[in-house]
Amino acid sequence: KPVLFSGMQPSSDSLQLGNYIGALTQWVNMQQSFDAFFCVVNLHAITVPQDPAELAARTRRTAAQYIAAGIDPERSTLFVQSQVSAHTELAWVLNTITGFGEASRMTQFKDKSQKHGADASSVGLFTYPILMAADILLYQTDIVPVGEDQRQHVELTRDLATRFNSRFGDTFVVPEAQIQKGTAKVYDLQNPEAKMSKSAESEAGLIKVLDPANVTRKKIMRAVTDADGEIRYDRENKPGVSNLLTIYSVLTGRMIESIEQEFEGRGYGDLKKALAEVVDETFTPIRERTEELLADPAELDRLLAKGADRANEVATATLDRVYDRIGFIR
Ligand code: TYM
C-alpha cells in the first residue's frame, strides 16, 4: 500500500471546521487505501508559547477528535510526534541542507513573524517547515493530504528530499501533496476573504468541532453574506455565501448546483438554518465520542503509545539509513 502522512497541531481546545473539511474528512476517506500515519504535532505547537498543562490536555483532545471523526487506530498509525525522537533528529539533518534564503521565503513564517515581531518569533517557528519535512520523509510518504495553506511546506519537503537524494544517494520517497479542489480553504464566517483559523483575532467567524450546538448555530446565523440576496456560488463577488455553500456541500455530499436549485428564490436565513442543522448533525456525534474517549485518558494514552511503537519502527529504519549515508559512525 502507498504511504500517507498528515498531522495537526494541538494548539487549541477544539479542531475547527477548516481542519475538519480541509484535512480530517480526507484522512478518514483515504485510510482504507493507504498505510496511513496520523500525527499530533506537539513539537510544532511549541514554536509559539504554550501552557504545559494545556498542551498535554490539548494533545489528548486532538487525538480523541481524530478517532471520534473516524480514524481507526487499529488500521492506521495514530501517534504523538514527541514520542518518536527520530522527528527531531532528522529535522536537524535537514536543517543543514536547507538554505537560509529558502527558509526565509516560507509565507506562513513571514505572516506569523510579522504579526508577532522578529524578537517575539522563535527560531523554532522559522525552522518549523523543516521539521514538517522530517515528519513526512521519515515514513517514505507518497501522499500528504492537507489544506491549501500547507502547499508551500510540502513543496519545500519535495525539494529537500530531492536534494538529499542527489547529494547522498537515493534515500527518500519524494512525496506529493493532496489538496482537494474546492475545499482546500474554508473561510472565516465573519471575514470570508481570510481562511478560518484558530489563531484569528476574533472567534465570531470560527466554527469549532467541540462547541455546543447553540454556540455554533448563532455563529452561522450571523455569518457575513451580501446585499444581493441570491443564493449562488460566486467566490469573487459573493465570498460569504460561496463559503456557506461549500461547507454545506461537503457536509452533505451534495453538488453545489443542486443546493443552489433547492434554495432558489429563498433567503440567506433559510440556507443558514439548514447549514446549522447539518453542522450539528455532523459534530454532535463527534463531540459525544470525544468526551467518551477523554473520560478514559489511560486507555487513550495506551492507544497512542501503541501507535508510537509502530511509528518508531518505521522512522528509525529511515533515520539509520540517513545516518549511514551522511557518514555517522555507529
Ligand atoms: P494545522 O494544525 O494548522 O492544520 C491542520 C490541517 O487543517 C488544514 N486547515 C484548513 N483547511 C482548509 N481550510 C482552512 N481554513 C484550514 N485551516 C487549516 C491545514 O491545511 C492542515 O492540513 N504544519 C501543519 C501540521 C503538520 C503537518 C505535518 C501536516 C506538521 N507536520 C506533516 C502534514 C504533514 C499545520 O500547522 O496544520
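The values are calculated or read from the model by the stated rules, or taken from the named source; none is laboratory data. Values in this document were obtained by computation on a predicted structure and should not be read as measured data. In this analysis, Cβ positions are derived from the backbone assuming ideal geometry, glycine residues included, and neighbour counts consider all displayed protein chains.
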### Message
Restricting to the range 31-56, name every residue that is near the ligand (Cβ under 8 Å from one of its atoms) and β-branched (Val, Ile, Thr).
### Response
41
### Query
Can you pull out the residues in the range 1-30 that are within 12 Å of the ligand (Cβ to nearest atom), outside any strand (DSSP E or B), over 24 Å from residue 252 (Cα atoms) and modelled with pLDDT of 95 or more?
9, 10
### Summary
Here the qualifying pairs (Cβ atoms under 7 Å; residues six or more apart or on different chains; first in the range 142-165 and of a type in the set (S, T, N, Q); second more than 7 Å from the ligand (Cβ to nearest atom) and part of a helix (DSSP H, G or I)) come out as 152/107; 157/133; 157/137
### Query
What number of residues within the range 50-66 satisfy the criterion of being basic (Lys, Arg) and within 16 Å of residue 198 (Cβ to Cβ)?
2
#### Entry: Filtered residues of the range 215-238 (kept if in a loop (DSSP other than H, G, I, E, B), basic (Lys, Arg) and either within 13 Å of residue 205 (Cα to Cα) or in contact with a His (Cβ under 6 Å, 6 or more places away or on another chain) (or both))
222
### Search result, residues across the range 10-58 that are more than 15 Å from the chain's Cα centre (by Cα), more than 20 Å from residue 87 (Cβ to Cβ) and of a type in the set (Asp, Glu)
51, 54
## Note on the structure
Filtering the range 31-52 down to residues that are in a helix (DSSP H, G or I) and among the small types (Gly, Ala, Ser) yields 45
### Summary
Note: among 246, 282, 318, 290, just one is surrounded by 14 or more Cβ atoms within 10 Å (Cβ to Cβ), out of contact with any helix residue (DSSP H, G or I) (no Cβ under 6 Å at 6 or more places or on another chain) and in a helix (DSSP H, G or I), namely 246
### Message
Quick check on residue 202: is it surrounded by fewer than 16 Cβ atoms within 10 Å (Cβ to Cβ) and modelled with pLDDT of 95 or more?
### Response
no
### Message
Testing residue 112 on (1) more than 18 Å from residue 26 (Cα to Cα); (2) charged (D, E, K, R); (3) crowded, with 17+ Cβ neighbours inside 10 Å; (4) away from the ligand (no atom under 12 Å from the Cβ), one condition comes back false. Which one is that?
### Response
(4)
### Message
Consider the range 63-116. How many of its residues are closer than 12 Å to residue 128 by Cβ, assigned to a loop (DSSP other than H, G, I, E, B) and at pLDDT 95 or above?
### Response
1
### Summary
Of the conditions (1) touching a strand residue (DSSP E or B) at 6+ places or on another chain (Cβ under 8 Å); (2) of a type in the set (A, V, I, L, M, F, W, C); (3) crowded, with 19+ Cβ neighbours inside 10 Å, the single one that residue 130 does not satisfy is (1)
### Query
Residues of the range 20-49 being under 18 Å from residue 198 (Cβ atoms) and free of Cβ contacts under 8 Å to residues at least 40 places away in the same chain, which ones?
45, 49
### Query
For residue 242, are the conditions met, namely being under 27 Å from the mean Cα position of the chain (by Cα) and polar (S, T, N, Q)?
yes
### Task
List the number of the failed condition for residue 88; all other conditions in (1) under 23 Å from residue 293 (Cβ atoms); (2) β-branched (Val, Ile, Thr); (3) within 14 Å of the ligand (Cβ to nearest atom) hold.
(1)
### Query
From the list 241, 173, which one is outside any loop (DSSP other than H, G, I, E, B) and modelled with pLDDT of 95 or more?
241
#### Entry: the range 229-243, subset buried (at least 18 other Cβ atoms within 10 Å of the Cβ) and without any contact (Cβ under 8 Å) to a residue 40 or more places away in the chain, residue farthest from residue 22 (Cα to Cα)
238
